[in-house]
Amino acid sequence: MVGDVTHLPPLPAIPPDLRTLADYERRAQAHLTPEVWRHIQEGSGAEITLAENRTAFARIGLLPRALADLDGSTEIELLGRRHAAPLLLAPLAYQRLAHCDGELASVRAATALGTGFIASTLSSVSLEEIAVAAQSLGTPPPLWFQLYLQPDREHSLQLVRRAESAGYEAIVLTVDAALKPAGIALPPGVEAVNLAGMPRPRQTAVPGGRILLGTPLAAAAPGWHDLAWLRKTTTLPILVKGLLLGEDAARAVDEGADALIVSNHGGRVLDGLPSPVELIQSVAEATSARVPLLLDGGIRTGTDVVKALALGASAVLLGRPVMHALAVAGMAGVAHAIHLLRTELEAAMAQLGCPRCDLLTAERLVRLG
Ligand code: FNR
């Protein structure tokens, strides 16, 4: 962590008592300043959605088939690429808040474990350096670039072109966070380096004047025309992140999205939203299996992954746990956290009698309580 000495440094080795992502979360607080800890953990409003992202998983039970043949693997194909497991690291801004190596540490861990990595527009290491770090370790995992549209379309275009030339294989257009209040005051050394020289929209409301609606900030929020523009601009696959309703999902596919990420931004934007696991089946019905669906929000255990897949997700994204593992032990921590989750996933699949991801269906689920 940059610019502060009041908290513990990252551990040089993984202690044996770190056995779950919850263990990492418990440990992480001591390795972060109070401000950064709050920034990572917080949800919007009364944090109803943040809590729901966990409790929605707890309401779903599992129905195992006995004595099944367990020859299989967690491998999946997604957008023409093999993934070792149905798991990618979510786009997370400013990872140098959690560890001085930031995104370099997490992308190296992802590469070591063949796990897809999504670099944020707001990464604290440039998108080019992230790609080089992955590529220099041998076969890079699927690397995607998450795009926050910039108020000036020329700047959005520059970001897309830079991602294409750096070797990113897909663009993830996040559509649910343009009006999210600015987060933390960044400490020295942590910046949105990809956006150097580009003006950032800010909320500048004064009493008696316009607050949000009708302001330049609202004008810069993405609309359907932006998705149409992006589709014409790049030949890379486009994923739209932050849709929850079937009608919007179907329209996004009609407009050329190649995959969707059903997400409520980890409960950080509009409080009161249901959890993506509650909605993914209706999104799947509305899009009739035309594109793969990914899901994030509250994934913390192997059984969470199994439940998301059984409800129709092709893969899931891991958010906050990456920041926790980075803070606790940098690259080794993130690699270990991915390994722990994959171990739990394989154990859950074996216990359920489903040795391949495509065998996980809603028949393996039951409502609890
Ligand atoms: C995020 N998220 C996010 N999403 C995105 O599209 N671009 C971004 O830059 C960020 N930045 C970011 C920072 C931090 C600290 C958090 C916690 C989250 C949202 C993220 O990609 C993902 O949707 C959620 O984190 C998933 O929920 P969990 O796994 O954190 O519960």
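The values are calculated or read from the model by the stated rules, or taken from the named source; none is laboratory data. The structure presented is a predicted model; accordingly, all values stated were derived computationally and were not measured. As a convention, Cβ positions derive from the backbone with ideal geometry for all residues, glycine included, and neighbour counts pool all protein chains shown.
Answer yes or no: is there a residue in region 287-304 that is away from the ligand (no atom under 11 Å from the Cβ), modelled with pLDDT of 95 or more, over 23 Å from W224 (Cα atoms) and touching a Phe, Trp or Tyr at 6+ places or on another chain (Cβ under 6 Å). There is no residue in region 287-304 that is away from the ligand (no atom under 11 Å from the Cβ), modelled with pLDDT of 95 or more, over 23 Å from W224 (Cα atoms) and touching a Phe, Trp or Tyr at 6+ places or on another chain (Cβ under 6 Å). Out of A112, A85, one residue alone is buried (at least 17 other Cβ atoms within 10 Å of the Cβ) and either under 27 Å from A257 (Cα atoms) or out of contact with any helix residue (DSSP H, G or I) (no Cβ under 7 Å at 6 or more places or on another chain) (or both). It is A85. Output yes when any residue across region 316-326 is under 26 Å from G256 (Cβ atoms) and without any contact (Cβ under 8 Å) to a residue 12 or more places away in the chain, and no when none is. No - not one qualifying residue is present in region 316-326. None of V253, V283, V262, V277 is surrounded by fewer than 24 Cβ atoms within 10 Å (Cβ to Cβ) and not hydroxyl-bearing (S, T, Y) except V253.
Of the residues S44, S120, S73, only one is crowded, with 16+ Cβ neighbours inside 10 Å and in contact with a strand residue (DSSP E or B) (Cβ under 9 Å, 6 or more places away or on another chain); which?
Details: S44 fails: in contact with a strand residue (DSSP E or B) (Cβ under 9 Å, 6 or more places away or on another chain); S73 fails: crowded, with 16+ Cβ neighbours inside 10 Å.
On inspection, the qualifying residue turns out to be S120.
Restricted to region 289-330, and to residues there that are basic (K, R) and under 15 Å from the mean Cα position of the chain (by Cα), the residue that is nearest to A90 (Cα to Cα) is R320.
Tell me, please, whether a residue that is modelled with pLDDT of 95 or more, more than 16 Å from the ligand (Cβ to nearest atom) and touching a helix residue (DSSP H, G or I) at 6+ places or on another chain (Cβ under 9 Å) can be found in region 256-271. Scanning region 256-271, I find at least one residue that is modelled with pLDDT of 95 or more, more than 16 Å from the ligand (Cβ to nearest atom) and touching a helix residue (DSSP H, G or I) at 6+ places or on another chain (Cβ under 9 Å), so the answer is yes.
Hey, among the residues in region 242-255 that are more than 13 Å from the ligand (Cβ to nearest atom) and part of a loop (DSSP other than H, G, I, E, B), which one's farthest from L79 (Cα to Cα)? Spell out how you get there, then give the answer.
Step one: list which residues in region 242-255 are more than 13 Å from the ligand (Cβ to nearest atom), which gives 245-255.
Filter again for part of a loop (DSSP other than H, G, I, E, B), leaving 245, 255.
Numbers: L245: 22, E255: 17 Å.
Among those residues, the one meeting the criterion is L245.
Of all residues in region 35-70, exactly one satisfies the criterion of being over 21 Å from the mean Cα position of the chain (by Cα) and within 15 Å of the ligand (Cβ to nearest atom), namely E35. Annotation: L88 fulfils all but one of (1) under 26 Å from Q29 (Cα atoms); (2) not in a strand (DSSP E or B); the unmet one is (2).
Does any residue in region 168-197 that is farther than 25 Å from L260 by Cβ and at pLDDT 95 or above come within less than 6 Å, Cβ to Cβ, of a residue that is basic (K, R) and more than 11 Å from the ligand (Cβ to nearest atom) six or more places away or on a different chain, and which pairs are these? Filtered contacts from region 168-197: V190/R96.
If only one of P222, P207 is within 16 Å of the ligand (Cβ to nearest atom) and assigned to a loop (DSSP other than H, G, I, E, B), which one is it?
Working: P207 fails: within 16 Å of the ligand (Cβ to nearest atom).
Result of the check over P222, P207: P222.
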